[in-house]
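Here the structure is laid out as structure tokens; the discussion comes afterwards.
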Amino acid sequence: MPLTAPPAGRRRSKQLSPVHRITNVSTSWQEIFDLGARETASSGVEPESETQRRGVLRRLRESLSKSRQALVEEISASLFDRIDEEAWERLEEALIMADAGAPTTAEVVERLEREVESGSVSPDGEAVRERLIEILAEVSSNGRGPIDLSGEPAVLLMVGVNGTGKTTTIGKIAWHLSREFGLSVVLAAGDTYRAAAAEQLGEWAERAGAELIRSAPGGDPGAVAFDAIAAARARGADVVIVDTAGRLHTQGNLMDELAKVRRVIAKQMPDAPHETLISIDATTGQNGLRQAQIFSEAAEVNGVVLTKLDGTAKGGIVLAIANELGIPVKLIGTGESLEDLHPFDPEDFARALLAE
Amino acid sequence: MVFDQLSDRLQATLSEVRSRGKLSEGDVDAAMREIRLALLEADVNFKVVKTFTKTLKERCLGAEVLESLDPGQQVVKIVNEELTGLMGGAGRDLAFASNGPTVILMAGLQGSGKTTACAKLARHLGESGKDVALAACDVYRPAAVDQLVTVGERAGAHVYEQGTDADPVEIAAWALDRARTEERDVLIVDTAGRLHIDEDLMDELTKVRKRTRPHDVLLVVDAMTGQDAVGVAESFAEAAEFDGVVMTKLDGDARGGAALSVKAVTGKPILFASTGEKLEAFERFHPDRMASRILGMGDMLSLIEKAEQQVDERQAEDLQKKLEDDRFTLEDFRQQMRQVRKMGPLSGLIGMLPGMGAMKQLKGADVDEGELDRVEAIILSMTPLERANPAIVKGSRRKRIAAGSGTKVQQVNQLIKQFDQMRKMMRQMMSGKAPDPQQLAQMAGGAPRPKYRRR
């Protein structure tokens, strides 16, 4: 039984973004971070070379291997035999299983189907699969832009639901900023609620070579952010990353608190926070869309960090988030170590899902 | 509240079915299609949905329904039964040791809520008088041990830890010895979050299990998990041989499909539900009650249980009697509201009241406590007679009440109307019938029916 299209009220007849140029080069750290006027001191480590990036791509493919195997089997079975009704159904099934959600799945499949029927894509397995990759890459690059760290200091706010990997991601970002660009980072332990949250961030600060600003447990998160920015200014640090307590988007009072933290930051520094990222767990189902939407309303989210991609979950929810909300993924997390963070590349993502 | 979306859709579909009297095959087909889509959009695993709707369809196309005098009601009954079965039947208890400490092992993915769940379980068991110890075997996650120490102590349990330099398997074994020596009733073993495809860590989990020989192994699953839930559950079933599931973050608005899928695929039931960050937000999971809740039939048993924790038994009996005899007044409602607000976040409790799921005023993932203050103010502005018999509240009385409570006459009207509908529903519930989903939809101002374009 084919999947029916989504309810008329929810479906948008929006144009998917213009053709994404397929390049052979993955997104680099230099591309994903906008450092403004800053002259980055070399920390003795060269920015990622082409060879290194290809190595990363290979590792990425390997770590995504389980998920891609499953999807490739689905895709191969549906696209390499015949291009018929069954094939489209199986593609739908594969995308639903990847958590892409009904509306986005319907749009992608319908678009590809139309193109094959109209003849703009030749009806052979290889061509259709390549076009599918292109479409998926396009969809996931909706709203694409770099992480804005041009402020002095640049203030980055991390938000998200409990357990999605905010604190770990902050550690990774701090480490990469220091390693790739030689930037000095201050971490603000804005989670004043969770037991031992500041200690947890403290350990990451140590590993990443960043400074930690914290308060006593139960303190005011806004105050911690304030102190951290003041400290960064005093020491001439480049970036402040503010951790916040995990919270469900359904908790109105906590969403209000988040908005308040932003106001405190903005009062201190008019354009700050310069970038707000929401962490989304790759295993999250359709609720991820809701999360992104509600957090965006409270905190003007600029981008997504898609975490825990080293598991078997495909993280297809980001297709829906980009497609329906125009919020792009900027970073992906692929493990619990400092190195396990990469710039999001739409084509890599789509290809890694489908590649042999 | 979790399952809200699925609940709405199923109720709408079933209300349509019920309104039709005799059902044709085409009617059943249409309903099955909608149920299928509702389940998929609720994150229920694709393959589970396939099997479920197939079984459902077979039953619904059988004589049981088509020849029944009230086929619509039969369909509701079947969906309820199948949904209950999908989630685990009648509910199950933890297995306890006959001598020595009962060992409970907690496992799951990173970020699923294991450590918090450990503390909550410790508190839950402590409530019934058990002496509980916790073993801190997560030596990987920064400050994990500190976290368990803090929340464990808050829960009134003893925490056994050896910092982060020891081997988790050894810590577990040492903790068990200690629990035996100190004659604890329960030892809950917290472990590090791990990927089900991480061979090394899954081996470690197997080793911990073999060394501690737990009476219960619980898999902690985040309610917002999508299609991946099944794969995770299957792998953990193989390596950890878990006995049951703890579903966490159920206070969100995740559609909860993972909950429905896990049992279907592994055969293991959901034993506990974690419904908030506070330690008290933890309860035994009853599949039959949850199925009932999803279908809008309420969960009076859970509600009464919770109420019993707050009020004494006599008061609870009084309440039960009042509901049965239909003597429930606005004053009773106000008293109950007070008690209820003491029980914890209302959003969690609302779903337990029959028909409450549909009451727009109280609906929404985040109950507006301000709204409830207004409701209380309105009731307080009524005379005892008016509270006992709202039917007499007309015209000038309404104006007086509105003025006295600082609200509008419209709001007074709305409260009285909804209270009436609620009483009607309770009457039906008490007489053993499921409330009419159509009526529920009406109360909510008409639940919107989703329209679908067929491929």
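The values are calculated or read from the model by the stated rules, or taken from the named source; none is laboratory data. Since this is a predicted model, take the numbers as computed values, not measurements. FYI the Cβ positions are ideal-geometry reconstructions off the backbone, even for glycines, and counts take in every protein chain you see.
Considering only residues of the range A:142-180 that are modelled with pLDDT under 95 and in contact with a Pro (Cβ under 8 Å, 6 or more places away or on another chain), which is farthest from the other protein chains (Cβ to nearest Cβ)?
A:145
Yes or no: residue B:399 among the basic types (Lys, Arg) and either part of a loop (DSSP other than H, G, I, E, B) or at pLDDT 85 or above (or both)?
Values: among the basic types (Lys, Arg): yes; either part of a loop (DSSP other than H, G, I, E, B) or at pLDDT 85 or above (or both): yes.
Criteria met by residue B:399.
Please determine, by comparing only the residues of the range B:248-267 that are in a loop (DSSP other than H, G, I, E, B) and more than 8 Å from every other protein chain (Cβ to nearest Cβ), which one is nearest to residue B:6 (Cα to Cα).
Result: B:256.
Out of the residues in the range A:325-353 that are among the charged types (D, E, K, R) and farther than 25 Å from residue A:130 by Cβ, which is farthest from the other protein chains (Cβ to nearest Cβ)?
That would be A:330.
Return yes when residue B:189 is more than 13 Å from the chain's Cα centre (by Cα) and surrounded by 24 or more Cβ atoms within 10 Å (Cβ to Cβ) and no when it is not.
yes
Any chance you could count how many residues in the range A:183-192 are at pLDDT 95 or above and surrounded by fewer than 22 Cβ atoms within 10 Å (Cβ to Cβ)?
Count: 1.
Test residue B:232 against the stated conditions and say whether it is touching a helix residue (DSSP H, G or I) at 6+ places or on another chain (Cβ under 6 Å) and assigned by TED's automatic domain parsing to the domain that holds residue B:272.
Here the answer is no, as residue B:232 does not meet what is asked.
Here is a list: B:191, B:164. Which entry is more than 14 Å from chain A (Cβ to nearest Cβ), within 28 Å of residue A:310 (Cβ to Cβ) and in contact with a helix residue (DSSP H, G or I) (Cβ under 7 Å, 6 or more places away or on another chain)? Full working, then the answer.
Details: B:164 fails: more than 14 Å from chain A (Cβ to nearest Cβ).
From the options B:191, B:164, the qualifying one is B:191.
In the range B:208-230, what residues are under 23 Å from the mean Cα position of the chain (by Cα), over 19 Å from residue A:163 (Cα atoms) and modelled with pLDDT of 90 or more?
Within the range B:208-230, B:216, B:217 qualify.
Considering every residue within the range A:132-142, establish whether at least one is surrounded by 18 or more Cβ atoms within 10 Å (Cβ to Cβ), of a type in the set (Asp, Glu) and touching a residue at least 60 places away in the same chain (Cβ under 8 Å).
Yes, there is a match, as at least one residue in the range A:132-142 is surrounded by 18 or more Cβ atoms within 10 Å (Cβ to Cβ), of a type in the set (Asp, Glu) and touching a residue at least 60 places away in the same chain (Cβ under 8 Å).
Those residues that are surrounded by fewer than 24 Cβ atoms within 10 Å (Cβ to Cβ) and facing another protein chain (nearest Cβ under 7 Å), I need them from the range B:224-239; list them, please.
Within the range B:224-239, B:231 is the sole residue that qualifies.
Any residue in the range B:86-107 that is touching a residue at least 24 places away in the same chain (Cβ under 8 Å) and closer than 22 Å to residue A:167 by Cβ?
So far as the range B:86-107 goes, yes, one or more of its residues are touching a residue at least 24 places away in the same chain (Cβ under 8 Å) and closer than 22 Å to residue A:167 by Cβ.
Does the range B:44-51 include one or more residues that are crowded, with 16+ Cβ neighbours inside 10 Å, within 14 Å of chain A (Cβ to nearest Cβ) and outside any helix (DSSP H, G or I)?
Looking for residues that are crowded, with 16+ Cβ neighbours inside 10 Å, within 14 Å of chain A (Cβ to nearest Cβ) and outside any helix (DSSP H, G or I), one finds at least one in the range B:44-51, hence yes.
Each row is one residue, and each column tells you yes or no for (1) assigned to a helix (DSSP H, G or I); (2) in contact with a Leu (Cβ under 7 Å, 6 or more places away or on another chain); (3) of a type in the set (Phe, Trp, Tyr).
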{"site": "A:158", "(1), (2), (3)": "no, yes, no"}
{"site": "A:172", "(1), (2), (3)": "yes, yes, no"}
{"site": "A:176", "(1), (2), (3)": "yes, yes, no"}
{"site": "A:194", "(1), (2), (3)": "no, no, no"}
{"site": "A:203", "(1), (2), (3)": "yes, no, no"}
{"site": "A:217", "(1), (2), (3)": "no, no, no"}
{"site": "A:228", "(1), (2), (3)": "yes, no, no"}
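Just one of the numbered conditions (1) away from every other protein chain (no Cβ under 14 Å); (2) in contact with an Asp or Glu (Cβ under 6 Å, 6 or more places away or on another chain) is not true of residue B:242; which one?
Residue B:242 satisfies every listed condition except (2).
Among A:205, A:216, A:292, which is the only one that is over 20 Å from residue A:153 (Cβ atoms), free of Cβ contacts under 8 Å to residues at least 40 places away in the same chain and surrounded by 19 or more Cβ atoms within 10 Å (Cβ to Cβ)?
Working: A:205 fails: over 20 Å from residue A:153 (Cβ atoms); A:216 fails: surrounded by 19 or more Cβ atoms within 10 Å (Cβ to Cβ).
Just one listed residue meets the conditions, A:292.
Inspect all residues belonging to the range B:152-161 and state whether any of them is of a type in the set (A, V, I, L, M), out of contact with any helix residue (DSSP H, G or I) (no Cβ under 6 Å at 6 or more places or on another chain) and buried (at least 16 other Cβ atoms within 10 Å of the Cβ).
no
Just checking, how many residues over the range B:187-218 are assigned to a helix (DSSP H, G or I) and either touching a residue at least 12 places away in the same chain (Cβ under 8 Å) or closer than 24 Å to residue A:337 by Cα (or both)?
Narrowing the range B:187-218 to residues assigned to a helix (DSSP H, G or I): B:199-212.
Right, trim to either touching a residue at least 12 places away in the same chain (Cβ under 8 Å) or closer than 24 Å to residue A:337 by Cα (or both) and you get B:199-209, B:211-212.
Counting residues in the range B:187-218 that are assigned to a helix (DSSP H, G or I) and either touching a residue at least 12 places away in the same chain (Cβ under 8 Å) or closer than 24 Å to residue A:337 by Cα (or both) gives 13.
Out of (1) surrounded by fewer than 16 Cβ atoms within 10 Å (Cβ to Cβ); (2) within 21 Å of the chain's Cα centre (by Cα); (3) over 27 Å from residue B:253 (Cβ atoms), the odd one out for residue B:94 is which?
Condition not satisfied by residue B:94: (1).
Given the criteria part of a helix (DSSP H, G or I), touching a strand residue (DSSP E or B) at 6+ places or on another chain (Cβ under 7 Å) and not basic (Lys, Arg), does residue A:256 qualify?
no
Kindly indicate the residue of the range B:102-144 that is within 12 Å of chain A (Cβ to nearest Cβ) and at positive phi and also surrounded by the most Cβ atoms within 10 Å (Cβ to Cβ) among those meeting that condition.
If we take residues in the range B:102-144 being within 12 Å of chain A (Cβ to nearest Cβ) and at positive phi, then B:108 is surrounded by the most Cβ atoms within 10 Å (Cβ to Cβ).
Take residue A:226 and tell me if it is over 17 Å from residue A:158 (Cβ atoms) and away from every other protein chain (no Cβ under 12 Å).
Against the criterion (over 17 Å from residue A:158 (Cβ atoms) and away from every other protein chain (no Cβ under 12 Å)), residue A:226 does not qualify.
Cβ contacts < 6 Å: first residue in the same structural domain as residue B:121 (by TED's automatic domain parsing), restricted to the range B:240-267; second residue hydroxyl-bearing (Ser, Thr, Tyr), any location; separation 6+ or different chain. Result?
Taking only residues 6 or more apart or on different chains, the pairs are B:248/B:274; B:250/B:275; B:251/B:275; B:252/A:250; B:253/A:250; B:258/B:225.
Are any residues in the range A:280-315 hydroxyl-bearing (Ser, Thr, Tyr) and more than 11 Å from chain B (Cβ to nearest Cβ), and if so, which ones?
A:296, the sole residue that qualifies.
Is there a residue in the range A:280-288 that is surrounded by fewer than 20 Cβ atoms within 10 Å (Cβ to Cβ) and free of Cβ contacts under 8 Å to residues at least 40 places away in the same chain?
Looking for residues that are surrounded by fewer than 20 Cβ atoms within 10 Å (Cβ to Cβ) and free of Cβ contacts under 8 Å to residues at least 40 places away in the same chain, one finds none in the range A:280-288, hence no.
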